Amino acid sequence: MYYYKVSLLKSNAPYLVYKSDISIDIGSCVQIPLKSKTKQAVILQEVSKPSFETYPIDEVLLYKYSQTQLDIAKFISQYYFASLGEALSLFIPNRVGCCPSTTPSITINPPTLTPPQQKAYNQIKSLDTSLLFGVTGAGKTEIFISLMIDSISQGKSAIMLMPEISLTPQMQQRLESYFGDMVALWHSKLTKKKKEQILEGIYSGKIRIVAGARSALFTPLQNIGLIVVDEEHDDSYKSMNNPRYNARDLAVYMGKKLGAKVLLASATPTPSSYYRYEVVKLKEPYIKTDKNYQFVTGSDITPLMIKYLQANYEKGMQSLVFVPTRANFKYLYCSSCGKTHTCPYCSVGMALHRNHKLLKCHYCNYTQAIVEQCSFCGASPLLSNRIGTQEAIEQIKSAIPAIEIEQFDKDSITTPTKLKKALQNFSLGKSQILLGTQMLSKGHDYANITLAIITGLDYVLGLADYRARERAMSLLLQIAGRSGRAKHATIVVQTQNQEFFSSYLDDYEKFLLDELEFLKMANYPPYSYLARVLISHKDDTKAAKMTLDITTKLKEFDTIEIVGSGKAPVEKISNRYRYNILLKSSQRVELLKALHSIYSPSPSLQIDIDPVDFS
Ligand SMILES: [Zn+2]
Ligand SMILES: [Zn+2]
């Protein structure tokens, strides 16, 4: 008889031991009986006969996790605080006996690179992990394609990650024009049938390139030679559910593990990536564009903006209008200098809790009475209102009734079909304005946009987030990059911080260097490591007690700093009361050690390593 330690898939249960009268390979998927049900599990290791009674494994399935998948899943479970079963569930295993033995050698004509592209490409070739820092329209995609062709011609495969919203039919056509049916697009909204088709292609070795959102990282491609992470600054790479991994960071880890080249890319890279990786610059824009920035004040759609929109409409041109996401919180900002009231300890905006008549810092939980005067310039009043997409549309429509507006936010773009439809209407000229939130800033090409209006940028700049400046700056440049790809464009920026933004418009690298100085002074990543402990319970008292107990235990570790502990910014979600503890340390290992000492798998406790969201 054989005894095996198994991990239950999609479960945070501890390891279990089952028996079998046949020998089973490590990594094999099996069916096991559990509490009168049948569950799927993965064979981890053979063990000696335990002292307790064990049940026999029902069936050995035809799927098997590779040793590398097992190793990476172990890392995910340790680093991101999830069970091995949860980590393994991210991956799609290989089919037994279906690994392609020979890879056909294929010749694909690479795109012609311009001298700056060629230079960047050569540099990337010599580096294991690098960051391609290139302005929008500089032609990063041709470089990705050239690298993918290299990988394929060496008999290897390649993964290209991009934010889900960038997986457009245009992107598909572009990739297919080089790789034909060797490339597949992979994302969360694929039908089950389509997924099976793609997997069939991967198993048979026909599909060698998977382009997709973060889950593309877990497809069963063999012999991966290249992982590209486009738009590496995008927060959608971070999973908001257990395991709370960051696909960009994991790509770098996997690259090292698999001996694959990793290329991160962005026009507005994060200060962390810029700091951590070798930077390859691609500065020369492929298509030279001419942008005229206009800075305006105010706090919603102003008559001046209407005038701009009207004029553009009459010229038969199209416009973009950005409205900041309606977050859960409001912030107090100065009507005169535009600065947000910030926490004296954390340098982040303090949120307004009107029903409690106070201001609160969501990092350290410092509270104070609502202030009336700006602490920077002494002016009053301080304002807090912001309009949403709906109100903005109404205001524009009432001024220019004939104009057609495409609403572009999470409320209206709920399916890929709706996304396609909105973009189609716009590209066919059926609508003249694309109005929306952060979604606007993500990888779409429009030739006809000659006006972009960015409202409420100071709101983004004042968010309760140590990355607020980065978010605001990158948003401005990303949106500006969507307009006037081929023509002259006007970018109207509503901010009272003109000095801040205008000094970086032509030089994001200068911003990165200044921002790294700020992060160093305030001791935020990449100069420290952050983690967030999230506690939730239906019983408020129990949640509060758990938080207190965990905080007390964590205080014993003198290598970590407890930034704050108490009620989470969003105090209640689906009837569960939420508390959080924010931790910081200069040593990653020490932070993990402290957290492992308090962690046990439980629906009430989640640990978020390298958090990007603090609500
Ligand atoms: Zn002020
Ligand atoms: Zn604070």
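Scanning region 16-29 for residues that are closer than 15 Å to residue 40 by Cβ and outside any strand (DSSP E or B) turns up 24, 27. Being over 14 Å from the mean Cα position of the chain (by Cα), surrounded by 15 or more Cβ atoms within 10 Å (Cβ to Cβ) and outside the structural domain of residue 417 (by TED's automatic domain parsing) is a description that applies to residue 225. Screening residue 124 on (1) farther than 22 Å from residue 270 by Cα; (2) β-branched (Val, Ile, Thr); (3) in contact with a Ser or Thr (Cβ under 8 Å, 6 or more places away or on another chain); (4) not in a loop (DSSP other than H, G, I, E, B) shows it passes everything except condition (1). Under the condition of being away from ligand 2 (no atom under 16 Å from the Cβ) and either open to solvent by 40 Å² or more (accessible area, probe 1.4 Å) or of a type in the set (Asp, Glu) (or both), the residues counted in region 371-385 number 8. Of the candidates 581, 562, 573, 598, the single residue that is farther than 28 Å from residue 519 by Cα and in contact with a helix residue (DSSP H, G or I) (Cβ under 7 Å, 6 or more places away or on another chain) is 598. The residues on offer are 309, 320, and the sole one that is under 20 Å from residue 501 (Cα atoms), more than 16 Å from ligand 1 (Cβ to nearest atom) and open to solvent by less than 50 Å² (accessible area, probe 1.4 Å) is 320. Tell me, please, whether a residue that is in the same structural domain as residue 236 (by TED's automatic domain parsing), under 22 Å from residue 97 (Cα atoms) and of a type in the set (Lys, Arg) can be found in region 199-206. Yes; the residues of region 199-206 include at least one that is in the same structural domain as residue 236 (by TED's automatic domain parsing), under 22 Å from residue 97 (Cα atoms) and of a type in the set (Lys, Arg).
Among the conditions (1) within 15 Å of ligand 2 (Cβ to nearest atom); (2) surrounded by fewer than 20 Cβ atoms within 10 Å (Cβ to Cβ); (3) modelled with pLDDT of 85 or more, residue 353 misses just one, which is (3).
Would you kindly identify the strands (runs of 3 or more DSSP E) lying entirely within region 239-299 that contain at least 2 residues that are in contact with a Leu (Cβ under 7 Å, 6 or more places away or on another chain) and open to solvent by 10 Å² or more (accessible area, probe 1.4 Å)? Counting at least 2 such residues, we get 278-282, 290-296.
To keep it simple, each residue is scored yes or no on (1) out of contact with any Phe, Trp or Tyr (no Cβ under 8 Å at 6 or more places or on another chain); (2) modelled with pLDDT of 85 or more; (3) in the same structural domain as residue 309 (by TED's automatic domain parsing).
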residue: 451; (1), (2), (3): no, yes, yes
residue: 455; (1), (2), (3): no, yes, yes
residue: 460; (1), (2), (3): yes, yes, yes
residue: 471; (1), (2), (3): yes, yes, yes
residue: 476; (1), (2), (3): no, yes, yes
residue: 484; (1), (2), (3): yes, no, yes
residue: 492; (1), (2), (3): no, yes, yes
residue: 502; (1), (2), (3): no, yes, yes
residue: 511; (1), (2), (3): no, yes, yes
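Do the conditions hold for residue 345, that is, is it more than 16 Å from ligand 1 (Cβ to nearest atom) and farther than 27 Å from residue 400 by Cβ? Criteria met by residue 345. Every condition in (1) of a type outside the set (Lys, Arg); (2) within 21 Å of residue 439 (Cα to Cα); (3) in contact with a Gly (Cβ under 8 Å, 6 or more places away or on another chain) holds for residue 331 except the one numbered (2). In the set (1) β-branched (Val, Ile, Thr); (2) within 16 Å of ligand 1 (Cβ to nearest atom); (3) over 26 Å from residue 561 (Cα atoms), residue 396 fails one condition alone, (2). One residue stands out among those in region 386-413 that are farther than 23 Å from residue 449 by Cα and open to solvent by 30 Å² or more (accessible area, probe 1.4 Å): the one that is modelled with the highest pLDDT, which is 411.
Reported count of residues in region 157-173, each being open to solvent by 60 Å² or more (accessible area, probe 1.4 Å) and part of a loop (DSSP other than H, G, I, E, B), is 0. Pairs, please: C-beta under 6 Å, at least 6 apart or cross-chain, first residue among the hydroxyl-bearing types (Ser, Thr, Tyr) and in region 172-186, second part of a helix (DSSP H, G or I) and at pLDDT 95 or above? Once the first residue is among the hydroxyl-bearing types (Ser, Thr, Tyr) and sits in region 172-186, its partners that are part of a helix (DSSP H, G or I) and at pLDDT 95 or above give 178/145.
The single condition among (1) open to solvent by 50 Å² or more (accessible area, probe 1.4 Å); (2) not in a strand (DSSP E or B) that residue 62 does not satisfy is (2). Restricting attention to region 23-55, the residues that are over 25 Å from residue 602 (Cα atoms), open to solvent by 70 Å² or more (accessible area, probe 1.4 Å) and touching a strand residue (DSSP E or B) at 6+ places or on another chain (Cβ under 7 Å) add up to 6.
In region 324-342, the residue that is farthest from ligand 1 (Cβ to nearest atom) out of those that are among the small types (Gly, Ala, Ser) and either within 20 Å of residue 568 (Cβ to Cβ) or open to solvent by 50 Å² or more (accessible area, probe 1.4 Å) (or both) is 327.
In the set (1) in the same structural domain as residue 476 (by TED's automatic domain parsing); (2) touching a Gly at 6+ places or on another chain (Cβ under 6 Å), the condition left unmet by residue 364 is number (1). Of all the listed residues (547, 495, 490), the sole one being within 18 Å of residue 607 (Cα to Cα) and among the β-branched types (Val, Ile, Thr) is 547. Checked across region 414-430, the condition of being in a loop (DSSP other than H, G, I, E, B), more than 16 Å from ligand 2 (Cβ to nearest atom) and of a type in the set (Val, Ile, Thr) holds for at least one residue. The lone criterion from (1) in contact with a helix residue (DSSP H, G or I) (Cβ under 7 Å, 6 or more places away or on another chain); (2) within 16 Å of ligand 2 (Cβ to nearest atom) left unmet by residue 258 is number (2). Looking across 339, 330, 360, one residue alone is away from ligand 2 (no atom under 15 Å from the Cβ) and closer than 19 Å to residue 567 by Cα. It is 330.
The values are calculated or read from the model by the stated rules, or taken from the named source; none is laboratory data. Everything numeric in this text was worked out from a predicted model, so none of it was measured. Backbone-built Cβ (ideal geometry, glycine too); neighbour counts: all protein chains shown. Surface accessibility is based on the protein's heavy atoms, side chains included, excluding ligands, DNA and RNA. Shrake-Rupley method; radii C 1.70, N 1.55, O 1.52, S 1.80 Å.
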